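The values are calculated or read from the model by the stated rules, or taken from the named source; none is laboratory data. Please read all numbers here as calculations on a predicted model, not as lab measurements. Here the Cβ positions follow ideal geometry from the backbone for every residue, glycine too, while neighbour counts run over all protein chains shown. Please note that ligands, DNA and RNA were not included when accessible areas were found on the heavy atoms of the full protein model with its side chains. Shrake-Rupley method; radii C 1.70, N 1.55, O 1.52, S 1.80 Å.
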Amino acid sequence: MGEIRKIDRYFNGNKAEDGAGVSLYRTFGYHEIPDFDPFLMMDFFDSENPEDYTKGFPWHPHRGIETVTYLISGEIEHEDSIGNKGTIYDGDCQWMTAGSGIMHQEMPKASPKMLGIQLWVNLPKKDKMTDPKYRDIRKEMIPEYKDENMTVKVLAGKFKGIEGPIEGIDAEPIFLDVELVPNSEFEFQLDSSFNVFTFLVGGEANFNTDKEEIVSHPKGVLYKEGDYVRINTKENGGRFLLIAGKPLNEPISWGGPIVMNTKEELDLAFKEISEGSFIKKSV
């Protein structure tokens, strides 16, 4: 198996507000670069109060990144400048490549529970100005592995020979949604050069290989280098996301919804927004 990955640090994130007034947890972001490379930011949503999220994220631009919205529970309507429009529900995922530029909006609807994440994935320099595109991944498109101890939904990458629907991305992302029953263990081997983190979205688990250290959700774990991770549960089960990717190791110039490699590229993007020439491809 090689060397086990040990915990670099835990992270909880901070309460924040974004969009038109959406309450969320910003689990990591700008100040954690480059620890999570190629991932830039992740927001966590967990609320039973529609007032926390129904103001939504009205029309706004993106360039140079991909946004991944994985909805465990809830309902979100979306629309963009290249003609995509629809709604995602429990278990669905949106994987949007902003590339050279896109305008979109995401408007959560009142639900019994809003639970999910939005993850920003950096694009390499060569793909910053690629054509934007959108992948609508319905829950029935997401394969899963299941045994008496666990259920693993595979959105990207491979687990026990099962391959997720997302492929052809430079960062070679791995995205697993793992549910462990009580008194069970999960092991996963991956490229030692990849950055990897987990985020507990329900229940509790032990991520520490040096000692028993049960933690409860919401809790994130950034790992050190190594060849595999091991996670276990005791009296209670747990549900976590495991996300990993190949670092891009490129310079970052980041301003709001735009992430480029240089300040000149960033300034140009905002100049084009003000002049109305930002969108390079539309319907």
- Out of MET1, GLY101, SER23 - ranked by how far each Cα lies towards the positive end of the dipole of the chain, with unit charges on the beta-carbon of charged residues - the top one is GLY101
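Per 0.36 nm of contour for each residue apart, how much would the distance between ASP147 and ASP90 grow if the chain were fully extended, relative to their Cα-Cα spacing?
Working: separation 57, 0.36 × 57 = 20.52 nm, distance 2.21 nm.
Full extension from ASP147 to ASP90 adds 18.3 nm.
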- Message: Running a GNM on the chain with Cα contacts under 10 Å, which residue among ALA269, ALA16, ALA244 ends up with the highest mean-square fluctuation?
- Response: ALA16
- Note on the structure: Packing-ranked peptide list from 195-206, 42-53, highest mean Cβ count within 10 angstrom first, is 195-206, 42-53
- In degrees, nearest 10, the alpha-carbon axis of helix 263-275 is tilted away from the dominant principal axis of the alpha carbons of the chain by 50
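Does the stretch 70-208 come out rounded, prolate or oblate by the C-alpha gyration tensor, with a ≥ b ≥ c the root eigenvalues, rounded set by a/c under 1.5 and, if not, prolate when a/b is larger than b/c and oblate if not?
Values: a/c = 2.13, a/b = 1.34, b/c = 1.59.
In terms of gyration-tensor shape, oblate.
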- Item | Candidate aspartates and glutamates for bridging to LYS125, where Cα separation is under 12 Å - those fewer than 8 sequence places away on the same chain excluded | ASP170, GLU250, GLU265
- Please label the shape of the stretch 34-114 as rounded, prolate or oblate, based on the square roots a ≥ b ≥ c of the eigenvalues of the alpha-carbon gyration tensor (a/c under 1.5 means rounded; beyond that, a/b larger than b/c means prolate, else oblate). oblate
- Charge-dipole axis of the chain as Lys and Arg at +1 and Asp and Glu at -1 on Cβ define it, positive-most pick from HIS60, VAL221, MET41: HIS60
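How much length is gained on full extension from ASP18 to ASN183, taking 0.36 nm per residue of separation minus their Cα-Cα distance?
Working: separation 165, 0.36 × 165 = 59.40 nm, distance 3.81 nm.
Additional length available on full extension: 55.6 nm.
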- Message: Using only the alpha-carbon atoms of the stretch 6-275 as identical scatterers, what base-10 log of I(q)/I(0) does the Debye formula give at q = 0.07, 0.11, 0.15, 0.16 Å⁻¹?
- Response: -0.23, -0.60, -1.15, -1.32
- Hey, what number do you get for the chain at 222 nm if only DSSP H runs of n ≥ 4 count, each worth -39500 (n - 2.57), divided across all residues, to the nearest 500? -1500 deg cm²/dmol
- Task: Go through GLY91, PRO165, SER73 and say which Cα lies farthest out towards the positive end of the charge dipole of the chain; charges sit on Cβ, +1 for Lys and Arg, -1 for Asp and Glu.
- Result: PRO165
- Item | the chain - charge dipole about Cα centre, Lys and Arg +1 at Cβ, Asp and Glu -1, debye rounded to 20 | 320
- Query: Given a 1.4 Å probe and the protein chains all in place, what does the accessible area of THR209 round to, in Å² to the nearest 10?
  - Reply: 50
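Please tell me the relative contact order of the stretch 6-275 in percent, rounded to the nearest whole number, where contacts are Cα pairs under 8 Å and at least six residues apart.
Working: 711 pairs, mean separation 52.0, N = 270.
Reported relative contact order: 19 percent.
Taking 30 Å as R0, compute the FRET efficiency from the Cβ-Cβ separation of SER216 and ASN249 and round it to 0.05.
On the way: r = 34 Å, r/R0 = 1.14.
Efficiency at R0 = 30 Å is approximately 0.30.
Evaluate the charge dipole of the stretch 160-276 about its Cα centre and quote only its size in Debye, nearest 20, assuming +1 on the Cβ of each Lys and Arg and -1 on the Cβ of each Asp and Glu.
380
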- Task: Rounding to the nearest 20 debye, state how big the charge dipole of the stretch 77-229 is about its Cα centre with +1 on each Lys and Arg Cβ and -1 on each Asp and Glu Cβ.
- Result: 520
- Name the shape class, rounded, prolate or oblate, that the alpha-carbon gyration tensor gives for the stretch 95-171, where a ≥ b ≥ c are the square roots of its eigenvalues, rounded holds for a/c under 1.5, and otherwise prolate holds if a/b is larger than b/c and oblate otherwise. oblate
